[in-house]
Amino acid sequence: MNVQALRNEFFTLEVLPEVGASILNLRAASGRPIMREVKLEDVKTSSQCACFTLAPYSNRIRDAKFTFGGQEVALKPTTSDGLAQHGDVRNRPWQVSPAGPSRLACTFDSRAFPDTTGTDMNWPWAFTVRVEYILHGPHFDTSITLTNVDSREMPAGVGFHPYFTRLHEGVDPLLSFDAALAYDTDERVLPTGEARPVAPAEDYRTPSRIGERQVDRAYTAWDQIAVLDWGERCLTITADNIFSHLIVYTAPDGSLALEPVSHATDAFNLAARGVAGVDMRTLAPGQSLAGTMRLSLGGAWSGEPKLLSQRG
């Protein structure tokens with residue numbers, strides 16, 4: 001596969017345009033992993049990558065269907081339990097527009113996948129997506145723009161699904177973010193109603209280590225800042241206001257997903273039920289939804305890492 005690489009004095013970045021313009025690896029210039037380490041030969045889909053893009057919606061849709069504009073929209077289920085999951089751009093080829101050693105733009109047009117190809121889109125509206133990766137000093141920015149190029153209004157959402165390395169020299173980081181609300185979920189991790197105040201065990205306004213906990217929870221009413229702190233070094237994740245929700249997920253490989261997304265999981269169905277605060281958005285023809293996630297390095301990321309592998 002074609003690997004696009006960017007470098008500056010703080011980062012090295014590898015991107016796979018053929019697999020949803022997903023991030024293969026993001027490391028400090030020293031080689032220390034920031035996102036989980038991935039070997040190219042292990043990648044079959046974006047699920048094995050270090051980060052992938054969520055569009056034209058984020059996370060899961062109950063039973064792969066919802067009502068919009070008085071009409072039922074039926075998608076093809078993409079999970080074994082009958083959900084549509086993570087949009088429909090993350091495993092498709094994107095076009096690349098290199099812009100220098102520290103900047104890369106990738107674009108996607110759903111109209112390039114008509115029904116006659118056998119790879120038709122799992123979304124009944126036409127849309128485009130543009131993602132830019134930019135390295136500048138100790139900051140890494142990922143920006144996304146989703147545009148409705150259909151003749152009809154469409155529901156819309158975007159997000160990022162990065163998996164971060166947890167252990168550095170055997171240290172599990174302190175995680176902190178200021179979120180006041182979280183969702184109760186059912187057996188398929190779908191919200192059952194409005195977000196409610198966070199419980200003490202799931203409140204990260206006071207920095208806390210994940211430890212042995214298994215987490216898969218959506219938060220909202222957060223301040224768009226999350227921090228992973230290992231003592232000698234830290235990583236700060238900031239997101240634009242469009243990313244009103246944060247998904248926290250402890251992956252089976254030991255990495256930690258912190259996903260800034262623009263709406264609640266299953267927001268389209270929740271909104272149809274009259275559930276408040278899920279931030280379902282509608283784009284008129286020609287209208288766009290856009291936002292940026294920034295990763296900032298702090299502390300001692302230089303020097304050779306002593307431990308590069310994940311736990312578990």
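The values are calculated or read from the model by the stated rules, or taken from the named source; none is laboratory data. Just so you know, these numbers come straight off a predicted model, no measurement behind them. Note that we place each Cβ from the backbone using ideal geometry, even for glycine, and neighbour counts take in every protein chain shown.
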Residues of region 18-46 classified as under 16 Å from the mean Cα position of the chain (by Cα) and buried (at least 16 other Cβ atoms within 10 Å of the Cβ), total: 12
Over region 138-149, the set of residues of a type outside the set (S, T, N, Q), farther than 17 Å from Glu14 by Cα and out of contact with any helix residue (DSSP H, G or I) (no Cβ under 9 Å at 6 or more places or on another chain) is Ile144, Leu146
Can you tell me which residue is surrounded by the fewest Cβ atoms within 10 Å (Cβ to Cβ) among those in region 126-178 that are farther than 30 Å from Ala300 by Cβ and among the polar types (S, T, N, Q)? Ser151
Give me a count of the residues in region 98-112 that are loosely packed, with under 13 Cβ neighbours inside 10 Å and assigned to a strand (DSSP E or B). 1
Report yes if Leu295 is over 22 Å from Val215 (Cβ atoms), in contact (Cβ under 8 Å) with a residue 24 or more places away in the chain and touching a Leu at 6+ places or on another chain (Cβ under 7 Å), otherwise no. no
Condition test on Asp178, is it charged (D, E, K, R) and out of contact with any strand residue (DSSP E or B) (no Cβ under 7 Å at 6 or more places or on another chain)? no
Of these, Leu54, Leu83, which one is more than 23 Å from Ala290 (Cβ to Cβ), of a type in the set (A, V, I, L, M), touching a strand residue (DSSP E or B) at 6+ places or on another chain (Cβ under 7 Å) and crowded, with 21+ Cβ neighbours inside 10 Å? Leu83
Are there any strands (runs of 3 or more DSSP E) wholly within region 240-312 with 1 or more residues that are modelled with pLDDT under 95, and if so which? 288-299
Tally the residues that are in a strand (DSSP E or B), in contact (Cβ under 8 Å) with a residue 24 or more places away in the chain and not basic (Lys, Arg), restricting the search to region 165-224. 22
Here the residues within region 78-95 that are in a loop (DSSP other than H, G, I, E, B), touching a residue at least 24 places away in the same chain (Cβ under 8 Å) and at positive phi are His86
Of (1) touching a Ser or Thr at 6+ places or on another chain (Cβ under 8 Å); (2) within 30 Å of Phe10 (Cα to Cα), Asp109 satisfies all except one. Which? (2)
With the condition kept exactly as written, say whether any residue in region 129-140 is basic (Lys, Arg) and in a loop (DSSP other than H, G, I, E, B). no
Hydrophobic (A, V, I, L, M, F, W, C) and at pLDDT 95 or above - does that describe any residue in region 136-145? yes
Across region 188-202, what is the number of residues that are touching a strand residue (DSSP E or B) at 6+ places or on another chain (Cβ under 8 Å) and over 23 Å from Ala272 (Cα atoms)? 3
Answer with yes or no whether Leu104 is in contact (Cβ under 8 Å) with a residue 24 or more places away in the chain and closer than 28 Å to Val189 by Cβ. no
Selection count, region 250-277, where residues are buried (at least 19 other Cβ atoms within 10 Å of the Cβ) and without any contact (Cβ under 8 Å) to a residue 40 or more places away in the chain: 1
